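These notes are about the structure you will find just below.
The values are calculated or read from the model by the stated rules, or taken from the named source; none is laboratory data. Worth saying up front: this structure is predicted, and the values here are computed from it rather than measured. Here Cβ is always computed from backbone atoms with ideal geometry, including for glycine, and neighbour counts include all displayed protein chains. Protein only, heavy atoms only, side chains kept; ligands, DNA and RNA dropped before computing areas. Shrake-Rupley method; radii C 1.70, N 1.55, O 1.52, S 1.80 Å.
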Amino acid sequence: MKLAMIYSFLKNDLAVIEEAVNETIQSDNPVLREASSQLLQAGGKRIRPVFVLLAGKFGTYDIERMKAVAVSLELIHTASLVHDDVIDEAELRRGEPTIKSRWDNRIAMYTGDYIFARSLENLSMLENPRAHKTLAKTMVELCLGEIEQIKDKFDTDQNLRSYLRRIKRKTALLIAASCKLGAVASDAKPSYEKALWDYGYYVGMSYQIIDDVLDFTASEKELGKPAGSDLLQGNITLPVLYSMENNAFKQKLDRLFEEKESLTHDKIKPLIETIKTNGSIERSLELSDRYLQKAYESLNQLPTGRAKQTLKGIAKYIGKRRA
């Protein structure tokens, strides 16, 4: 089953969100307008708006209030991708040229900043200080996560704790915020708000771990970029961390990273093959499954209904992302 089928009953409201996202990023400046539109037109799951809408079902659901939150969160996510591509020197995103590759780093950075600003401007339509505080805090943590990733590139002296903190900030907190802000905007009960935040956090952690696994196991066509791209960029993900418990593997990686300027996919290919066969993939998926189990448990605090079942279905779908 495709992911969109799980939340198909939200189709009309998601169309409203999609139209609003495209309207919000419009600019009188032709370069900004074209650059901002490019990534949105490349598609995406829009999973954060989905979480906003589902969380809103546990309170007083109002599409206008949901739209204000959902659009802002999707734009924050989009802006972070634009900046990511500059940092990673990525040429492709979802199989299409990135903004930095089509224009340059300066255009990409200012485009990302513009989308961030439009996100904040859009949320101002929602008169709820708690929503603004949550979003601001999430953006601070997101930036900290990005800084940590830059700092930790090509550094093999890392541990599980630092990895988990990094993916929490880079991925999980924005998903958790999507769930919480949907509840806040609909005036849901505080206990529901807490349960939805927890669910989003655990799902987000699981989602990122599986993404890191797929970077090694999925095909280039599925990824929209060559397999092992994270390692090539010097990013130490969970399968690499587990693999580095073997001293011989770590020593080989250290030697390659010493000449990072000349690092190529062919040079790291033997390490990628080792990662795929040494059990680190299976161990990573086990940790992902533990986070998913906690996500299911968080849903026990919510009333039975279509929204709850859909959240379960999404978690189940995420857990089955394998290649």
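A few comments on the model shown:
- Centroid-to-centroid separation of the stretch 228-273 and the stretch 78-150 [C-alpha atoms, Å]: 28 Å
- Take every Cα pair under 8 Å whose residues are at least 6 apart in sequence, average their separation, divide by the length of the chain, and the relative contact order is 20 percent.
- Computing FRET efficiency as 1/(1 + (r/R0)^6) for R106 and N29, where r is the C-beta to C-beta distance and R0 is 22 Å, gives about 0.95.
- Placing +1 on the Cβ of every Lys and Arg and -1 on the Cβ of every Asp and Glu, with nothing else charged, gives the chain a dipole about its Cα centre of roughly 1140 debye.
- Taking chymotrypsin sites (Phe, Trp or Tyr not before Pro) across the stretch 81-134, none is in a DSSP loop with at most 15 further Cβ atoms lying within 10 angstrom of its Cβ.
- Model label points for A117 and A248, set 7 angstrom from Cα along the Cα-to-Cβ axis, are 5.6 nm apart.
- Dipole size of the stretch 119-211 about its Cα centre, with +1 on Lys/Arg Cβ and -1 on Asp/Glu Cβ: approximately 240 debye, rounded to the nearest 20.
- Stokes-Einstein D (µm²/s) once Rh is taken as the Kirkwood radius of the stretch 123-221 over alpha-carbon pairs, at 20 °C in 1.002 mPa s: 145 µm²/s
- Within a Gaussian network of the chain (alpha carbon springs, distance under 10 Å), most fluctuating of D85, D215, D28: D28
- Cut-off of 10 Å, at most 16 other beta carbons, DSSP loop: longest stretch of the chain lacking such GluC sites (Glu not before Pro): 128-244
- Fully extended contour minus Cα-Cα distance, from K151 to H132, at 0.36 nm per residue: 4.0 nm
- Values (i) 177; (ii) 123; (iii) 152 are given for comparison; volume of the Cα convex hull per residue in Å³, derived from the coordinates here, is the one labelled (ii).
- On Cα atoms only, tilt of 280-299 relative to the major axis of the chain in degrees: 20 degrees
- With the alpha-carbon atoms of the stretch 60-210 aligned to their principal axes, the span from lowest to highest coordinate is 45, 36, 25 Å, starting with the largest.
- When only the Cβ of Lys, Arg, Asp and Glu is charged (+1, +1, -1, -1), the dipole of the stretch 62-164 relative to its Cα centre reaches about 300 debye.
- Ellipsoid semi-axes for the stretch 185-323, based on the Cα gyration tensor and the rule √(5λ), read 36, 14, 13 Å when sorted largest first.
- Solvent exposure of the chain, expressed per residue, is 47 Å² of accessible area, with all protein chains present and a 1.4 angstrom probe.
- For the chain, leaving out every one of the trypsin sites (Lys or Arg not before Pro) that falls in a DSSP loop and has at most 10 other Cβ atoms within 10 Å, the longest unbroken run is 46-319.
- Taking the longest Cα principal axis of the chain as reference, the axis of helix 63-87 is set at about 20 degrees.
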